[in-house]
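A short worksheet on the structure shown next.
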């Protein structure tokens with residue numbers, strides 16, 4: 001059953017044995033996930049069990065036990081499976097899930113219309129399917145205005161428009177800003193001047209400079225840049241977005257090497273051409289990182305992004321530790337994939 005991502009009734013939603021949430025809007029996916037968990041804990045007394053698809057497929061005996069039997073302690077569970085793909089489809093039996101009264105939440109990146117996982121959730125009246133597309137600027141402005149009202153913040157429509165003209169805001173930026181507002185409201189009157197500082201967007205050049213030094217393993221310059229940026233304020237969403245973009249680009253370059261070219265030849269011949277100032281940097285990064293390492297790094301970036309969103313007050317520390325850990329690759333060694 002297809003449900004819209006807005007105006008959800010979470011009490012009714014959790015009557016469905018299986019819920020699939022997919023799309024490119026990670027902030028919205030996380031927002032819906034958190035509300036489902038809140039409803040599960042407070043009103044249904046469900047315990048939360050989290051797994052990634054890769055773990056599930058590597059431990060099918062454990063997974064089959066999860067969905068086909070009751071908990072050893074008699075407690076009801078909400079089973080969350082993230083990073084899901086169609087590989088999971090072969091192990092999801094609708095009748096088994098319903099008979100055993102399971103609650104399963106599946107989180108996925110964008111899925112095509114032909115995706116078996118998506119078709120299963122869309123076509124079953126017992127399951128729910130929620131697509132999370134990127135927000136339009138009009139939607140984001142409406143969200144911000146509503147948040148201002150909820151927090152008794154007075155701001156003109158012209159001021160809201162100016163925020164979007166000078167900053168590339170998304171849903172997560174708004175959420176971050178509201179968290180800051182709620183913290184400082186206890187001791188400060190929040191007016192438009194204060195709001196301008198709160199919605200400060202860090203310089204894009206600074207973001208990519210940090211990312212380049214991170215992927216090069218240049219800790220000295222990482223610390224210098226981070227210190228400068230933290231003095232002005234930092235937006236973890238922008239830093240991580242820049243890192244995702246650059247990591248994906250390096251993976252794309254590696255995947256284009258069908259003729260066994262050297263790193264230097266690969267970068268020089270890559271289409272579309274890499275900006276000349278970036279070529280030497282990209283070459284050094286490709287020499288330092290293998291494709292499998294970059295793929296693991298992408299998984300960790302998504303984990304860190306979610307962690308920062310859920311732990312806003314310590315997000316700067318989480319981000320800083322991650323950037324340092326990525327620069328020496330220690331973050332790859334400390335996780336099981």
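By counting other Cβ atoms within 10 Å of each Cβ, how are 224, 118, 157 ranked from fewest to most?
157, 224, 118
Under the definition of Cα pairs under 8 Å and six or more residues apart, what whole-number percent is the relative contact order of region 204-333?
Relative contact order, region 204-333: 34 percent.
Under 1.5 on a/c is rounded, so check that first for the chain, then, if it is not, pick prolate when a/b is larger than b/c and oblate when it is not; a ≥ b ≥ c are the square roots of the alpha carbon gyration tensor eigenvalues.
oblate
For a footprinting-style exposure proxy, rank 276, 289 by other Cβ within 10 Å, fewest first.
The fewest-first ordering by Cβ neighbours comes to 276, 289.
For region 204-333, what does the alpha-carbon gyration tensor say about shape, rounded, prolate or oblate, given a ≥ b ≥ c as the root eigenvalues, a/c under 1.5 as rounded, and a/b over b/c as prolate?
It comes out prolate by the Cα gyration axes.
Measuring from label point to label point, each 7 Å out along Cα→Cβ, what is the residue 261 to residue 61 span in nm?
4.8
With r as the distance between the Cβ atoms of residue 114 and residue 303 and R0 = 30 Å, compute the FRET efficiency 1/(1 + (r/R0)^6) and round to 0.05.
0.60
Using the Kirkwood radius over Cα pairs, work out the Stokes-Einstein diffusion coefficient for region 137-198 at 20 °C and 1.002 mPa s, in µm²/s as a whole number.
Estimated diffusion coefficient is 183 µm²/s.
Calculated from DSSP H runs of 4 or more alone, at -39500 (n - 2.57) each and per residue, what is the 222 nm mean residue ellipticity of the chain, nearest 500?
So the helix-based figure for the chain works out to -18000 deg cm²/dmol.
Report, in whole Å, the centroid distance computed from the Cα atoms of region 1-49 and region 247-317.
Going from one Cα centre to the other spans 33 Å.
Take 243, 332 and order them by how many other Cβ atoms sit within 10 Å, fewest up front.
By the 10 Å Cβ count, ascending, the order reads 332, 243.
Do you know the relative contact order of the chain, to the nearest whole percent, from alpha carbon pairs under 8 angstrom that are 6+ apart?
17
Indicate the gyration tensor shape class of region 246-305 (rounded, prolate or oblate), computed on the Cα atoms with a ≥ b ≥ c the square roots of the eigenvalues: a/c under 1.5 is rounded; otherwise a/b larger than b/c is prolate and the rest oblate.
prolate
When the scattering of region 2-132 is computed by the Debye formula from its Cα atoms alone, each counted once and equally, what is log10 I(q)/I(0) at q = 0.09, 0.13, 0.17 Å⁻¹?
Scattering profile of region 2-132, log10 relative to I(0): -0.22, -0.48, -0.86.
All of the numbers you see were taken from the coordinates with simple rules; none came from a lab. Treat the numbers as computed from the prediction; the structure is a model and nothing was measured. Neighbour counts are summed over all protein chains in view; Cβ atoms, including those assigned to glycine, are modelled from backbone coordinates with ideal geometry.
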